[in-house]
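The structure appears right after this line, and notes come after that.
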Amino acid sequence: MNLQIEHLRERSRFQVVVDGQHCIADYRLADGVMAITHTEVATGLEGRGIAGALMQAVLDHAQAHGLKVQPLCSYAVAYMRRHPESAALLA
């Protein structure tokens, strides 16, 4: 699936629209740390890798901009545990 993930800096959000529904990863940025506060994928879209793609976009952004990541929502915590290669980004 080719997802067009957008970074909405003014809303502190990464989002993608799939089948007309917004899927999001929200964060707070302070002192060089992106705190991932919420991820959401509509129920009918679950299991398609959308949340994982959003998290990867967040991690890629953090790495490219020298930021650390603090996973606060349960999905972000689980994603980073499943992907040990992201450990260097942990705040």
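The values are calculated or read from the model by the stated rules, or taken from the named source; none is laboratory data. Bear in mind the structure is a predicted one, so any value in this text is a computation, not a measurement. Don't worry about glycine lacking a Cβ; one is built from the backbone with ideal geometry, like all the others, and counts go over all protein chains shown. Ligands, DNA and RNA are stripped out before the accessible areas are found, and what is left, the full protein with its side chains, is counted by its heavy atoms. Shrake-Rupley method; radii C 1.70, N 1.55, O 1.52, S 1.80 Å.
Please give the charge dipole size of the chain, origin at the Cα centre, charges +1 on K and R Cβ atoms and -1 on D and E Cβ atoms. Round to the nearest 20 debye.
180
Under the Karplus relation 6.51 cos²θ - 1.76 cosθ + 1.60, θ = phi - 60°, what is the ordered set of whole-Hz ³J(HN,Hα) values for segment 77-88, x standing for Gly and Pro?
4, 5, 4, 5, 5, 6, 10, x, 5, 8, 4, 5
Would you work out what percent of the accessible area of segment 3-44, with all protein chains in place, is carbon or sulfur (probe 1.4 Å)?
Working: 1060 of 2450 Å².
Carbon and sulfur atoms account for 43 percent of the accessible area of segment 3-44.
With a 1.4 Å probe and every protein chain left in place, work out the accessible area per residue of the chain in Å², rounded to a whole number. Show your work: numbers first, answer last.
Details: 5250 Å² over 91 residues.
Here the per-residue accessible area is 58 Å².
Order 33-40, 62-69 from most to least packed using the mean count of other Cβ atoms within 10 Å. If you can, show how the numbers build up before the last one.
Working: 33-40: 19.1, 62-69: 14.5.
Sorting 33-40, 62-69 by mean packing, highest first, produces 33-40, 62-69.
Quick one: which residues, 5 or more positions from MET34 or on another chain, have an amide H under 5 Å from its amide H? H modelled 1.01 Å from N in the peptide plane, none for Pro or chain starts.
LYS68, VAL69, GLN70
Fully extended, how many nm does the chain gain between LEU8 and THR37 (0.36 nm per residue separation, minus their Cα-Cα distance)?
On the way: separation 29, 0.36 × 29 = 10.44 nm, distance 1.50 nm.
So the chain would gain 8.9 nm between LEU8 and THR37.
Using +1 at the Cβ of each Lys and Arg and -1 at the Cβ of each Asp and Glu in the chain, identify which of LEU45, ALA62, LEU8 lies farthest towards the dipole's positive end.
Going by the charge dipole, the pick is ALA62.
If you keep only loop residues by DSSP, which chymotrypsin sites (Phe, Trp or Tyr not before Pro) in segment 1-85 have at most 11 other Cβ atoms within 10 Å of their Cβ? Could the numbers behind the result be given before it?
Working: sites: PHE14, TYR27, TYR75, TYR79; in loops: none.
Answer in residue order: no site qualifies.
When the convex hull of the C-alpha atoms of the chain is computed, what volume per residue in Å³ does it have? Walk me through the numbers on the way to the answer.
Working: hull volume 8.6 nm³, N = 91.
So the per-residue hull volume is 95 Å³.
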